[in-house]
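Encoded as structure tokens, the structure appears first; notes follow it.
What follows draws every value from the coordinates through simple rules; no lab data is involved. Note that the structure is a prediction, hence the values are computed from the model and not measured. Glycine gets a Cβ as well: all are built from the backbone with ideal geometry, and neighbour counts include every protein chain shown.
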Amino acid sequence: MTVIGEDRPGLVESIAAVVAEHGGNWLESRMSRLGGQFAGIVHAELPAEKEAAMTDALKNLSARGLNVVVHSEQPKASAPAAPLSLLEIVGQDRPGIVRQITHALAVSGVNVEELHTECASAAMSGETLFKAQAKLSIPPSCNVADLRRALEKIAADLIVEISLEPLRQN
């Protein structure tokens, strides 16, 4: 499910309560406050016969300012996971950085598994720095050398630093 609402105490608890009341098990989530809003995605499992009732209960949370969209997951065969790589970007902020980088990734068939971005004041100059970290799933069909060259060209054009390194698997 995806959730979004104006940030306030008790939002996560209200979702957790509905999941528990319907016999669900909270498996994993990514949630965050950003720009005064609280948003996240939750993966929970529950008995199929309770899905409709839980979905209705979650939708009723809209009266409390929380919008929830439920995405029913049907088990399906998944392809083996590609090894993950870490992409890091740092440079003076300007419009279009995310667009150009993600376009190069998409053209190469790379899946963005996680993306974290922020703007912060540079320590010495006070200029606004753009920082990004992305976990990428690079398929075997991708020519990593070509991808690296494309990213380095974008980095030179935008005057940002980019690093792309394999993540160590535990």
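Can you tell me how region 1-83 classifies by the Cα gyration tensor, rounded, prolate or oblate, using a/c under 1.5 as the rounded cut? Kindly include the intermediate steps, with their values, before the conclusion.
Working: a/c = 2.26, a/b = 1.26, b/c = 1.79.
Oblate is the answer for region 1-83, as a/c is 1.5 or above yet b/c matches or exceeds a/b.
With charges only on Cβ, +1 for K and R and -1 for D and E, what is the dipole size of the chain about its Cα centre, in debye, rounded to 20?
Numbers: 15 positive and 21 negative charges, 49 e Å.
Dipole about the Cα centre, nearest 20: 240 debye.
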Near K59, which aspartates and glutamates are there with a Cα under 16 Å away, not counting those fewer than 8 places off in the same chain?
E6, E13, E21, E51
Q92 long-range amide H proximity, modeled H, under 5 Å:
F130
Answer with one residue from A145, L61, A106: the one whose Cα lies farthest towards the positive end of the charge dipole of the chain, charges on Cβ with Lys, Arg +1 and Asp, Glu -1.
A145
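Normalising by the residue count of the chain, find the relative contact order in percent from Cα pairs under 8 Å and 6+ residues apart. Can you show the working numbers first?
Values: 255 pairs, mean separation 37.8, N = 170.
Once normalised by length, the contact order is 22 percent.
Can you tally the net charge around S32? Count Lys and Arg as +1, Asp and Glu as -1, for every other residue whose Cβ sits under 13 Å from the Cβ of S32. Intermediate values should be presented prior to the final figure.
Numbers: positive: R30, R33; negative: D7, E114, E118.
Summing Lys and Arg as +1 and Asp and Glu as -1 gives -1.
Take the alpha carbon gyration tensor of region 84-166, find the square roots of its eigenvalues, order them as a ≥ b ≥ c, and report rounded if a/c is under 1.5; if not, report prolate when a/b exceeds b/c, else oblate.
Numbers: a/c = 2.30, a/b = 1.85, b/c = 1.24.
The shape class here is prolate.
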Any chance you could check the Cα centroid distance between region 109-146 and region 30-107 for me, in angstrom?
18
With label points set 7 Å from each Cα along the Cα-to-Cβ direction at S72 and L27, the distance between them in nm comes to 1.6
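What size of dipole, in debye to the nearest 20, comes out for region 84-166 about its Cα centre when the only charges are +1 on Lys and Arg C-beta atoms and -1 on Asp and Glu C-beta atoms? Please list the in-between numbers first.
Values: 7 positive and 11 negative charges, 41 e Å.
Using only the charged Cβ atoms, the result is roughly 200 debye.
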As a check on your grasp of the helix formula, calculate [θ] at 222 nm for the chain: sum -39500 (n - 2.57) over DSSP H runs of n ≥ 4, divide by the residue count, round to the nearest 500.
-8500 deg cm²/dmol
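Quick one: length gained pulling S163 to A122 fully straight, 0.36 nm per residue minus the C-alpha distance? Write down the numbers at each step before the final one.
On the way: separation 41, 0.36 × 41 = 14.76 nm, distance 1.91 nm.
Working it through step by step, the gained length comes to 12.9 nm.
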